[in-house]
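Working notes, structure below.
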Amino acid sequence: MFIVWGKKLVYRKLGHVADFCPICRKPRPFVLRRLGSAGHVYYITVSQGELVGYERTCARCGTAFNAEPTHYAAAASQPASLPELARQTFPNLEQAWKERLDLERQLREDPRALHADDRKALIRSPFLLLSPKVEKRFASTHFDKEVGISALVALGLMIAGPALVHKVSPDSSDLAVLVFMALGVLLVIVQMVLAGGRFMRREVVPVLAQCLRPLQPTPGELQAVMAELKTLRHKMASKLRLEDLIAHLRGPQGAAGARG
Ligand SMILES: [Zn+2]
């Protein structure tokens, strides 16, 4: 018998906290989770595992960041409005993030008044913050809706195709089984390859664009970050299409044009 076992990450929700989201550029509600590495048999675990770390996920943009639970006064068991959550979990949020909040205020008032170093760091930051999400996605095989549909279509082809051929030309039915099987497999493989691009366009580019929009980065500034990511061997450097990002930064119309 083939037994599937090994280690897997176990997430345990600790509660809701308020904190600053560098992607949204604002204080936001977060979900705080503990990450453990536990042994599994057939992906079933019985323990919360050895502590790996803590993670906070922004309720608005969905980005996960490393977290330090001792920073919070408490973790609220129920979601609440931001001021209420801040009062319960992070009462000195404004003071703790003062420098960053001042910088964000300055950015909103006049993006051109930023110091060149601050501007560079602010443009670079969302790429680095979203990079773990991209690394994680491409570290294993993922299926999206389109892959699922193509698998169903492939199954249909494998059943209906040979049956149809058998009616028309009974002598060729053995070959037809092979041909339709190959076609089905090819269809699923193509969709799995395309799924990576869809993930970037749906889940990374819009979040990145929204974060970068107030800075109005030039294509040159974005290219410089991409070149740096390439040197650092981040997957994002090869998976992100800069033209998609630039189109998104120009607005929904530009994004539609780039997709078409
Ligand atoms: Zn956010």
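The values are calculated or read from the model by the stated rules, or taken from the named source; none is laboratory data. This structure is a prediction, so every number in the text was calculated from the model and none was measured. Positions of Cβ are generated from backbone atoms using ideal geometry, with glycine treated the same way; all protein chains shown enter the neighbour counts. These accessible areas exclude ligands, DNA and RNA; they are computed on the full protein's heavy atoms, side chains included. Shrake-Rupley method; radii C 1.70, N 1.55, O 1.52, S 1.80 Å.
If you scan region 140-159, which residues turn out to be open to solvent by less than 80 Å² (accessible area, probe 1.4 Å) and under 30 Å from residue 230 (Cβ atoms)?
If we filter region 140-159 for residues that are open to solvent by less than 80 Å² (accessible area, probe 1.4 Å), which is where we start, we get 140, 142, 144, 146-148, 150-151, 153-154, 156-158.
140, 142, 144, 146, 147 - these are the residues of region 140-159 that are open to solvent by less than 80 Å² (accessible area, probe 1.4 Å) and under 30 Å from residue 230 (Cβ atoms).
Can you go through 151, 121, 113 and tell me which one is within 21 Å of residue 26 (Cβ to Cβ), in contact with a helix residue (DSSP H, G or I) (Cβ under 8 Å, 6 or more places away or on another chain) and among the aliphatic types (A, V, I, L, M)?
Working: 151 fails: within 21 Å of residue 26 (Cβ to Cβ); 121 fails: in contact with a helix residue (DSSP H, G or I) (Cβ under 8 Å, 6 or more places away or on another chain).
None of the other options fit; the residue is 113.
Within the set of pairs 6+ apart or on separate chains, which have a first residue in region 133-156 that is of a type in the set (Lys, Arg), a second that is assigned to a helix (DSSP H, G or I) and modelled with pLDDT of 85 or more, and C-beta atoms under 7 Å apart?
Qualifying pairs under 7 Å: 133/204; 137/199.
For region 165-186, what are the residues that are under 24 Å from residue 140 (Cα atoms) and either of a type in the set (Ser, Thr, Tyr) or buried (at least 17 other Cβ atoms within 10 Å of the Cβ) (or both)?
Answer for region 165-186, where residues must be under 24 Å from residue 140 (Cα atoms) and either of a type in the set (Ser, Thr, Tyr) or buried (at least 17 other Cβ atoms within 10 Å of the Cβ) (or both): just 184.
Select from region 41-62 the residues that are away from the ligand (no atom under 16 Å from the Cβ) and acidic (Asp, Glu) and list them in ascending order. Before you say what the answer is, go through the steps one by one.
Within region 41-62, the first condition is being away from the ligand (no atom under 16 Å from the Cβ), and the residues that meet it are 41-54.
Matches in region 41-62: 50 only.
Out of curiosity, is residue 162 surrounded by 16 or more Cβ atoms within 10 Å (Cβ to Cβ) and not aliphatic (A, V, I, L, M)? Please lay out each step first, then the result.
Values: surrounded by 16 or more Cβ atoms within 10 Å (Cβ to Cβ): yes; not aliphatic (A, V, I, L, M): yes.
Yes, satisfied.
Any idea which of 197, 184 is under 23 Å from the mean Cα position of the chain (by Cα) and part of a helix (DSSP H, G or I)?
197
For region 74-91, which positions are over 27 Å from the mean Cα position of the chain (by Cα) and either open to solvent by less than 70 Å² (accessible area, probe 1.4 Å) or at pLDDT below 95 (or both)?
74, 84
Please determine whether any residue of region 63-73 is modelled with pLDDT under 95, more than 16 Å from the ligand (Cβ to nearest atom) and open to solvent by less than 20 Å² (accessible area, probe 1.4 Å).
Within region 63-73, not a single residue is modelled with pLDDT under 95, more than 16 Å from the ligand (Cβ to nearest atom) and open to solvent by less than 20 Å² (accessible area, probe 1.4 Å).
It is to be established whether one or more residues within region 81-100 are under 23 Å from residue 131 (Cβ atoms) and not charged (D, E, K, R).
Yes, because at least one residue in region 81-100 is under 23 Å from residue 131 (Cβ atoms) and not charged (D, E, K, R).
For region 1-40, which positions are within 16 Å of the ligand (Cβ to nearest atom) and among the β-branched types (Val, Ile, Thr)?
Taking region 1-40 first, the residues within 16 Å of the ligand (Cβ to nearest atom) are 16-33.
Within region 1-40, 17, 23, 31 qualify.
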